[in-house]
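Peer 1: Structure incoming, see below.
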Amino acid sequence: MADDIQACPLTSIGTGIDMMCSKEKCAWYVPSVKKCSVYLIAYNALLDANEKQKTIKKSKTK
């Protein structure tokens with residue numbers, strides 16, 4: 001399977017252009033999962049937020 005070519009969320013800020021991820025050359029890249037740590041942090045935050053919303057919805061229905 002080929003690696004996805006991703007835009008870098010850090011170098012793309014304010015440019016209006018999606019800058020390419022430099023992967024292993026970047027300190028924010030996590031080689032073991034082949035993902036940017038900024039992406040991983042945002043993804044984990046989204047999962048946490050979704051779990052909190054489920055908990056709130058369950059407590060309101062009881």
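What follows is calculated from the coordinates using simple rules that are stated; it is not laboratory data. Keep in mind that what you see is a predicted model, and the values were worked out from it rather than measured. Cβ sites come from the backbone with ideal geometry, for glycine too, and all protein chains shown count toward neighbours.
Conditions tested, residue by residue: (1) in a loop (DSSP other than H, G, I, E, B); (2) in contact with a helix residue (DSSP H, G or I) (Cβ under 6 Å, 6 or more places away or on another chain); (3) of a type in the set (Phe, Trp, Tyr).
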residue	(1), (2), (3)
Pro9	yes, yes, no
Ser12	yes, no, no
Ile17	yes, no, no
Glu24	no, no, no
Leu40	no, no, no
Tyr43	no, no, yes
Leu46	no, no, no
Asn50	no, no, no
Ser59	no, no, no
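Peer 1: So, of the residues in the range 21-32 that are within 12 Å of the chain's Cα centre (by Cα) and of a type in the set (A, V, I, L, M, F, W, C), which turns out to be nearest to Leu10 (Cα to Cα)?
Peer 2: Trp28
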